[in-house]
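One structure is given here, and the rest of the page talks about it.
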Amino acid sequence: MYTGTGFGNDWLKNEILKQMRERDPSWDAERKWRFRNGSLDNVRSALTVTGISDYDSIQDDSGSGSCSDGNKDITDSGRVSLMEPVWERLREIHISKAGTEYTLTLDREDYSALYPGMIRFVLAVSTGGNRVAVFRTNTFEYSPLSPLAAETVALGKSVEWEDELGRDPALVISGCRERERPSGKRPAADLVLLQGSPRADGNCAILAGWVADAARDRGRTVEVIYPHDLDIHCCIGCYQCYNTGSCVFDDDMNRIIDAVRGARLIIVCSPVYTNTVTAGTKLVIDRMQAYHAERTLIGGKDGQNGILFSVAGRKGGDNFTCITKVVHAFFRNCGIRPAGDILIDSVDAVKDIRKIAGKREAVQNLISTVL
Ligand SMILES: Cc1cc2nc3c(=O)[nH]c(=O)nc-3n(C[C@H](O)[C@H](O)[C@H](O)COP(=O)(O)O)c2cc1C
């Protein structure tokens, strides 16, 4: 397994190497096991074997196979690279209360490789090898006008917790449990289609029907999502998803993320509204930031494809310039490989895309090449 310069901080690399060699003296690090070809699983299993549970994420920062637009956390193959921050322990305090030993730690994690200047502070209480309380805050949570700074908040909280652990540990433990991770138990459809037109019987609805038929003909399952019918709060840019991997809002977006998480193919089907996607589609795209955070911090599925279907009233391919950029950026953000677009203009004149020869076949052909 490769634990060279492209992976991990020095402590993690050395610890894995040391512990694995204690178990198997022939065990060594080789470049060939880089994160490609499933080697992330090797890293994970080595972490399990060595009992190293106190890590948050792993990053392949080698840049090999990364996207040309600088999204280093997404490889060409769509394989996920977890991000390991540059890590530093700021405080470690041991407190004994009523016969129980507690360890309070405060770590500083530098995620500048993800977003310039993003620093996350992780305050944790462990006892008997289990993490029983955790609080995270990051620098992006605080707006330019806020008098608070993440480090001040984290340090203040650590002093507060130190005091509370000495008096009554239940005060800390009951209030700050780790948030539940996504279960992934919900059966996922092969294809998830975001039908972004508010018109239930418009051209995008026709396109969605063609897509669903083509997928079902190939024995694939399909889930169609109508964002305009759902309860989805807009993203408020709180950046708390980069603390936990999930959104502060508990609404219909949860099941959209569940569906996307498990799908092989994600299709965005939106008419052009003022040169871009419809409002409902944009709501979903912005809220997928939590999914980006989840993939960055926890990991996710690889090899997903994405397709954009769009219709525009006006004539000319330039009506799709903006929407294509928006949807492709969304795909790349989520580790989804843009696998083709079908863009149909002049629809104001034609009214009904069923009248345009060859469009249904074009949809079927594209679906059959990626599913
Ligand atoms: C609010 C609004 C904004 C629109 N903006 C554009 C636009 O910027 N460019 C364009 O070519 N068509 C625009 N259209 C036309 C739609 O793209 C077109 O009517 C499309 O066929 C609607 O798709 P649907 O039938 O799936 O709802 C707009 C329509 C609406 C209602």
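The values are calculated or read from the model by the stated rules, or taken from the named source; none is laboratory data. Remember, it's a predicted structure, so these values are computed and weren't measured experimentally. Because the Cβ atoms are built from the backbone with ideal geometry, glycine has one as well, and the counts that use them run over all protein chains shown.
Starting from residues that are of a type in the set (Gly, Ala, Ser) and closer than 23 Å to ARG261 by Cα, keep the ones in segment 333-355 and report whichever is surrounded by the most Cβ atoms within 10 Å (Cβ to Cβ).
Residue satisfying both the conditions and the ranking: GLY335.
Can you tell me which residue among THR296, THR276, THR281 is surrounded by fewer than 21 Cβ atoms within 10 Å (Cβ to Cβ) and closer than 26 Å to PHE140 by Cβ? Give the steps one after another, and end with the answer.
Numbers: THR296 fails: surrounded by fewer than 21 Cβ atoms within 10 Å (Cβ to Cβ); THR281 fails: surrounded by fewer than 21 Cβ atoms within 10 Å (Cβ to Cβ).
Result of the check over THR296, THR276, THR281: THR276.
Given the options THR281, THR321, name the one that is farther than 19 Å from GLY262 by Cβ, touching a helix residue (DSSP H, G or I) at 6+ places or on another chain (Cβ under 7 Å) and hydroxyl-bearing (Ser, Thr, Tyr).
Details: THR321 fails: touching a helix residue (DSSP H, G or I) at 6+ places or on another chain (Cβ under 7 Å).
Result: THR281 is the single residue among THR281, THR321 that is farther than 19 Å from GLY262 by Cβ, touching a helix residue (DSSP H, G or I) at 6+ places or on another chain (Cβ under 7 Å) and hydroxyl-bearing (Ser, Thr, Tyr).
Check GLY237 against each of (1) within 16 Å of the ligand (Cβ to nearest atom); (2) surrounded by fewer than 16 Cβ atoms within 10 Å (Cβ to Cβ) and name the one condition it does not meet.
Every condition holds for GLY237 apart from (1).
List pairs: first in segment 144-171 and within 18 Å of ASN243 (Cα to Cα) and of a type in the set (A, V, I, L, M, F, W, C), second assigned to a loop (DSSP other than H, G, I, E, B) and at pLDDT below 95, Cβ under 9 Å, 6+ apart or cross-chain?
LEU148/TYR142; ALA149/TYR142; ALA150/TYR142; VAL153/TYR142
Condition check ((1) modelled with pLDDT of 85 or more; (2) in a helix (DSSP H, G or I)) across all residues:
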position: PHE140; (1), (2): yes, yes
position: LEU145; (1), (2): yes, no
position: GLY156; (1), (2): yes, yes
position: GLU160; (1), (2): yes, yes
position: GLU164; (1), (2): yes, yes
position: VAL172; (1), (2): yes, yes
position: GLY175; (1), (2): no, no
position: GLU178; (1), (2): no, no
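Would you pick out the residues in segment 340-355 that are without any contact (Cβ under 8 Å) to a residue 40 or more places away in the chain and either of a type in the set (Lys, Arg) or under 16 Å from ASN305 (Cβ atoms) (or both)?
Scanning segment 340-355 gives GLY340, ASP341, LYS351, LYS355.
Do any helices (runs of 4 or more DSSP H) lying entirely in segment 281-362 carry at least 1 residues that are within 11 Å of the ligand (Cβ to nearest atom), and which ones are they? Spell out how you get there, then give the answer.
Values: elements: 289-297, 321-333, 347-350.
So the answer is 321-333, 347-350.
Keeping to segment 189-245, report how many residues are among the acidic types (Asp, Glu) and within 17 Å of LYS282 (Cβ to Cβ).
2
Residues checked against (1) buried (at least 18 other Cβ atoms within 10 Å of the Cβ); (2) in the same structural domain as ALA208 (by TED's automatic domain parsing); (3) in contact with a His (Cβ under 7 Å, 6 or more places away or on another chain); (4) touching a residue at least 40 places away in the same chain (Cβ under 8 Å):
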residue: ASP286; (1), (2), (3), (4): no, yes, no, yes
residue: ILE323; (1), (2), (3), (4): yes, yes, no, yes
residue: PHE331; (1), (2), (3), (4): yes, yes, no, yes
residue: ALA357; (1), (2), (3), (4): no, yes, no, no
residue: ARG360; (1), (2), (3), (4): no, yes, no, yes
residue: GLN364; (1), (2), (3), (4): no, yes, no, yes
